[in-house]
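A short worksheet on the structure shown next.
The values are calculated or read from the model by the stated rules, or taken from the named source; none is laboratory data. Since the model is a prediction, treat every value here as computed from it, not as a measurement. All Cβ positions, glycine included, derive from the backbone under ideal geometry; neighbour counts span all protein chains shown. Just so you know, the surface numbers come from the protein's heavy atoms only, side chains and all, with ligands and any DNA or RNA stripped out. Shrake-Rupley method; radii C 1.70, N 1.55, O 1.52, S 1.80 Å.
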Amino acid sequence: MAVMKSPDNKPRNAGRLPFLPVVVCLSAALVAAMIYSSTAGAFETSAGDAVRSILAKVTDDTGWLAGVDETVPSVVVDVRLPRIMCAIFVGAVLAMAGVLMQGVLLNPLAEPYTLGVSAGAAFGAALAIVTGITLYGAYPVAAFAFVGAVVALGMVMLLATFDGQIAPVNLILSGVIVAAILAAGIGFLKYLADEKVSLIVFWLMGSFSQATWPQVLMAGGGVILSLAGGLFYARELDLLALGARSAHSLGVNTAKVRLIVLVLASLMTAACVSISGIIAFVGLIIPHFMRFLLGPGHGKLIPATALAGALLLLLADTITRALLPYEVPIGVLTSLIGGPVFCIIFRSRAMAAARLDG
Amino acid sequence: MNKNETDHDCKADCALNARVISFAYGRHPIFDKINVSFPRGKFNAILGPNGCGKTTLLSILSGFFAPSNGEVIIDGSSLGRLDAKARARLIAYVPQTPVMAFPFTVREIVSMGRHPYLARFAGLSPQDWQAVDEALDILDLNELSGSLVTELSGGERQRVVLARALAQESEILLLDEPTSNLDIRHALDILSRVRKRISERGITVVAVMHDLNLAAMFADHCLFLNKGKAVCSGEMDKVFNRENIAQVYDINCEVEKDQESGRPVIKIKERVG
């Protein structure tokens, strides 16, 4: 593991929090949020009843349901739980995709949304919706979303590459350009879509309100793959922070690691976008915050980001579903929070660069 | 004039040989079948004007760029055939402008030098940490070891990346203008530490250098490059002279011998015409 610890036990934490307590706190908060979220909503239940319903489902033992109103299990397990699990898994994947893209591209502003990957996936999904391929179930949309995400990322990288090196500053600009072109394409598809336009709009704003168990499984697979891939390459990602040349001289196959990690992050993002639509800035806020708390080492950062991303999206989804008088699309909510954070990161980096130059 | 005369007499004890190397950026050719070699256990300077291919040559020697023709031979085996970590145990590389993308501590960055010795998922052993501490010591970084590299000055960063390369404990150390971000005191300091490492460990250093006086003070052996050609190479006494420098840089100068150190000293004259 890429955890670098000194054997002499001197305090060398550089103002960082210890890993284990942070992970334990995040896990506890996530479990508490799950329980709260499964009780909250138009139909209120007690926490005990909600937990019993879930246990009954998990252990397949109706004994847990003694004394519980019979509508509770159906509301909690069939309606709320898939939505809760989707929010958790999608949040974890999007946050990890942010860490992975930032680690490979050496740019703390890189994430699926700013790199145009989300827009590519949305374009693919909109295309699938307009052409009516959705009749064959949810998987064609996911497949179209994936192809769209990979093509968009390819275009962005091509635009930002000079002499075989990716120029990190150009990357975000390229992402903006590609996303703008795709937005025009999506606008055209919306124009063509007639009565299906609401389906596309729903997608662009992001929501978990249609979450199903198969989607939970797909997102769960995304979590496992992202976590496994990220931890497998954790130390290589640390070394890439030194730049491609230095990482190469330390024995990292930079081209291979970059390609695998970027494709993995895009694939997982595409899977998520096909479930929830576009949810921006989770991959930006969470990695930034966790890097501040725990330091930049990927061995710690990746699992912690997954937990924090899951917690953020679950809380955001619970707020829009159960607390607000009208359901606000979650993508709108995260953008309202994430936009200003993006501005702050951009400003502080620009200032740090100016200070070092001067 | 020793035109295009590169010395091949050192082949028997050369740490690094580049044979009939060609390289081009797209359609823009840089090298056409050049031969260069660097004797073992010496401070080798690569000298030449801007744009003559010094940094490109270093990238080829480090294996970052693959030549379109020829091969780099290290200890009798071809660089291109070595596995990435095996290559990293033989050659360390220090870039001209260190990249520090994320707020790692100095100690974390230096410990990254041990990567070529670590199995996946394995942590650093006490011996690895010893190499890290030694490298921190050599470059006087103990005070800074817990600081974030993103908050260091250019000169401090240069020391950190050199420490990382020393922690790598390779036989060959490639330096791309190691003193370009440093004032003269720190430049002298860094280069004497490199020299000390050569005398203690017998490593081979190949350094691209801009400052001819620093090269004259520290190098044992030098290679003059001009427009992608190896103009001449050899021991300082033999090749670091008025004719070669005038030819390669197109300047007027005198080279004298310092009475105290016995090393060459260069006096650059204002260019006439």
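Descriptive notes on the structure:
- Any hit, region A:265-273, residues being surrounded by fewer than 23 Cβ atoms within 10 Å (Cβ to Cβ), of a type in the set (V, I, T), in contact with a helix residue (DSSP H, G or I) (Cβ under 6 Å, 6 or more places away or on another chain) and closer than 18 Å to A:I88 by Cβ: no
- Elements of type strands (runs of 3 or more DSSP E) in region B:168-256, at least 2 residues being within 30 Å of B:E134 (Cα to Cα) and in contact with a Lys or Arg (Cβ under 9 Å, 6 or more places away or on another chain): B:172-176, B:204-208
- Residues of region A:211-264 satisfying the condition of being among the hydrophobic types (A, V, I, L, M, F, W, C), within 14 Å of chain B (Cβ to nearest Cβ) and over 22 Å from A:G309 (Cβ atoms): A:L239, A:L242, A:A244, A:A247, A:L250, A:V252, A:A255, A:V257
- Residues in region B:139-165 that are away from chain A (no Cβ under 12 Å), within 14 Å of B:R107 (Cβ to Cβ) and in contact (Cβ under 8 Å) with a residue 40 or more places away in the chain: B:L139, B:A163.
- Residue match in region A:298-313 (condition: modelled with pLDDT of 90 or more, among the polar types (S, T, N, Q) and within 28 Å of A:Y36 (Cα to Cα)): yes
- Scan of region B:78-110 for residues that are over 24 Å from B:S145 (Cα atoms) and either of a type in the set (D, E, K, R) or part of a helix (DSSP H, G or I) (or both), ordered by number: B:L79, B:G80, B:R81, B:D83, B:A84, B:K85, B:A86, B:R87, B:L90
- The residue of region B:43-67 that is most open to solvent (accessible area, probe 1.4 Å), among those that are of a type in the set (S, T, N, Q) and within 14 Å of chain A (Cβ to nearest Cβ), is B:T55.
- Members of region A:274-301 found to be surrounded by fewer than 24 Cβ atoms within 10 Å (Cβ to Cβ) and of a type in the set (D, E, K, R), listed by number: A:R291
- Subset tally (residues that are part of a helix (DSSP H, G or I), open to solvent by less than 20 Å² (accessible area, probe 1.4 Å) and touching a Phe, Trp or Tyr at 6+ places or on another chain (Cβ under 6 Å)) for region A:204-247: 2
- Filter pass, A:L262 being in a helix (DSSP H, G or I) and open to solvent by 10 Å² or more (accessible area, probe 1.4 Å): no
- Matching residues, region B:81-107, being out of contact with any strand residue (DSSP E or B) (no Cβ under 6 Å at 6 or more places or on another chain), more than 7 Å from chain A (Cβ to nearest Cβ) and open to solvent by 40 Å² or more (accessible area, probe 1.4 Å): B:R81, B:L82, B:D83, B:R89, B:T97
- Hey, A:A193 more than 30 Å from A:S74 (Cα to Cα), part of a helix (DSSP H, G or I), among the small types (G, A, S) and open to solvent by 20 Å² or more (accessible area, probe 1.4 Å) or not: no
- Some residue of region A:194-210 being among the charged types (D, E, K, R), out of contact with any Cys (no Cβ under 6 Å at 6 or more places or on another chain) and within 14 Å of chain B (Cβ to nearest Cβ): no
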